[in-house]
Amino acid sequence: SSLEMRLQTCLIVRCIRSRAVSCILTPDVITFEYLASSLGKDSEKVSLCCDPVGASSEAEGRAFRRVNGIPADAKVLGAFGLMDERKGIHLLVDAFEAYKPVSNEYLLLMGCQTVGVRHSIRRLSRNSPAYRNLIQIDRFVSDDELVNGIDAANVVAAVYPRHMGSASIVIRAAAAKKPILGSSFGWIGRTICENKLGYCCDAVDERRLLE
């Protein structure tokens with residue numbers, strides 16, 4: 001609730017102002033700006049830091065495609081990390097089905113799936129283009145595998161509907177010079193628009209997502 005959020009914020013500010021805390025590091029510019037404006041003279045305790053990412057490799061991306069049966073000339077939209085409703089993966093699956101992909105257009109879901117996401121996938125018709133062109137790696141993936149998957153994608157999806165803070169997948173995609181399809185909400189929307197990293201949309205609006 002909003003009351004709980006205000007109480008949490010108050011506690012965080014009080015902790016930072018205590019003598020026991022000398023420095024707070026955050027990779028999230030929205031968190032940084034909020035804390036800096038809330039702390040007054042203690043704002044100097046807050047600093048931005050980098051979110052380290054692995055080096056990208058076109059060769060590793062091509063190898064990833066070969067291993068996972070993705071044609072070299074395929075157009076791949078990839079989603080990475082935990083596959084859950086908070087990240088809007090169920091919305092992405094529904095939009096991919098409504099889009100009716102052609103034979104060389106694929107959706108890659110790379111990471112452990114929640115029960116809700118699996119249910120969304122099971123609802124797809126086994127004869128639909130969306131089901132045939134859906135590539136699932138439903139398990140924990142290592143950091144190196146994640147980087148290789150991003151290298152294999154043409155576009156990286158980060159359509160988290162109401163996610164306010166930063167997202168490491170956006171940072172990784174930007175480092176790999178991959179266009180991003182992201183939510184217009186919060187840090188993701190701001191970062192994509194300000195840095196011209198790709199496309200933003202209201203993820204809960206399927207029509208916008210399809211566009």
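The values are calculated or read from the model by the stated rules, or taken from the named source; none is laboratory data. Bear in mind that the values here come from a model prediction, so they are computed numbers and not experimental data. Every residue, glycine among them, receives a Cβ derived from its backbone with ideal geometry; neighbour counts consider all protein chains shown. Side chains are part of the model used for accessible areas, which takes the heavy atoms of the whole protein and leaves out ligands, DNA and RNA. Shrake-Rupley method; radii C 1.70, N 1.55, O 1.52, S 1.80 Å.
Within 14 Å, Cβ to Cβ, of Ser103, how many net charges do the neighbouring residues add up to if Lys/Arg are +1 and Asp/Glu are -1? Residues near Ser103 contribute +1 overall. Dividing the summed -39500 (n - 2.57) terms of all DSSP H runs of n ≥ 4 by the residue count of the chain sets its mean residue ellipticity at 222 nm at -12500 deg cm²/dmol.
Solvent-accessible area assigned to carbon and sulfur over the chain amounts to 55 percent, based on a 1.4 Å probe. In terms of distances greater than 22 angstrom between alpha carbons, the cross-link table entries Lys100/Lys177; Lys75/Lys100; Lys100/Lys196 yield Lys100/Lys177; Lys100/Lys196.
Here Arg17 sits with roughly 120 square angstrom of accessible surface, probe radius 1.4 Å.
Fully extending the segment from Val102 to Met164, taken as 0.36 nm per residue of separation minus the present Cα-Cα distance, adds 19.0 nm.
A Förster radius of 30 Å combined with the Cβ-Cβ distance from Arg190 to Thr114 puts the calculated FRET efficiency at roughly 0.65.
Labels on offer are (1) 1.14; (2) 2.09; (3) 1.24, and the one holding Cα Rg over 2.2 N^0.38 Å computed from this structure is (1). Surface calculation, 1.4 Å probe, protein heavy atoms: Ser38 sits at approximately 40 Å² accessible. Model label points for Asp42 and Arg132, set 7 angstrom from Cα along the Cα-to-Cβ axis, are 6.1 nm apart. Accessible surface area normalised per residue over the chain is 55 Å², counting heavy atoms of protein chains with a 1.4 Å rolling probe. Membrane-span-like helices in the chain, defined purely by DSSP H runs whose alpha carbon atoms cover 18 Å or more axially and whose average Kyte-Doolittle hydropathy reaches -0.5, are 2-17. Largest accessible area first, the listed residues Val93, Val21 line up as Val21, Val93 when surface is computed with a 1.4 Å probe on the assembled protein chains.
These residues, Leu39, Leu25, go from largest to smallest accessible area, 1.4 Å probe, as Leu25, Leu39. Shape class of the stretch 1-118 from the Cα gyration tensor (axes a ≥ b ≥ c, square roots of the eigenvalues): prolate, since a/c reaches 1.5 or more and a/b is larger than b/c.
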